[in-house]
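Questions regarding the structure given below will be posed in turn.
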């Protein structure tokens with residue numbers, strides 16, 4: 001009984017009128033599945049990206065010096081607090097500031113450049129972005 005049913009089904013499926021629409025339906029379902037998986041992966045990626053951005057926003061440094069003038073003013077203030085004569089606190093790099101930086105860098109064992117580089121700024125207790 002079951003063998004007859006399977007045989008009858010086989011004869012009907014192999015007909016072009018039935019076979020090609022079945023193959024087309026299978027192709028459409030496959031494409032739909034690929035699109036759904038892609039959308040699910042994109043959604044997960046966007047959630048992860050949002051989570052990472054929120055984490056980065058929460059863990060920014062407390063003292064954030066971004067502009068050159070502000071950084072130079074903060075470096076001069078920190079040098080003066082430590083007893084180095086850094087000159088006036090205007091926004092121009094001068095020989096007094098460079099000499100104070102060299103002296104500080106020598107005493108801290110840093111590379112002597114006379115510039116407020118990243119290592120020097122960190123040694124002065126300022127955080128740089």
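What follows is calculated from the coordinates using simple rules that are stated; it is not laboratory data. These numbers were taken from a predicted model, which means no experiment stands behind them. Cβ sites come from the backbone with ideal geometry, for glycine too, and all protein chains shown count toward neighbours.
Taking 0.36 nm per residue of sequence separation and subtracting the Cα-Cα distance, how much length would be gained by fully extending the chain between residue 106 and residue 26, in nm to one decimal?
Stretched out fully, the residue 106 to residue 26 stretch lengthens by 21.3 nm.
How long, wide and thick is the chain, going by the Cα atoms along their three principal axes, in whole angstroms, largest first?
Dimensions of the chain along the principal axes of its Cα atoms: 104, 27, 23 Å.
Modelled label-to-label distance, residue 118 and residue 19, 7 Å Cα→beta-carbon offset: nm?
Label-label distance for residue 118 and residue 19, simple model: 6.7 nm.
Follow-up question, since we're still on this one. Using only DSSP helix segments of four residues or longer, with each worth -39500 (n - 2.57), what per-residue ellipticity at 222 nm results for the chain after dividing by its residue count and rounding to 500?
Using -39500 (n - 2.57) per qualifying helix, the result is -23500 deg cm²/dmol.
Determine, for 73, 106, 57, the number of other Cβ atoms within 10 Å of each Cβ, and report the residues in order from fewest to most.
The fewest-first ordering by Cβ neighbours comes to 57, 106, 73.
Only residues of region 33-56 count here: report those whose backbone N is under 20 Å from the spot 7 Å along Cα→Cβ of residue 70, or say none.
So the set is 56.
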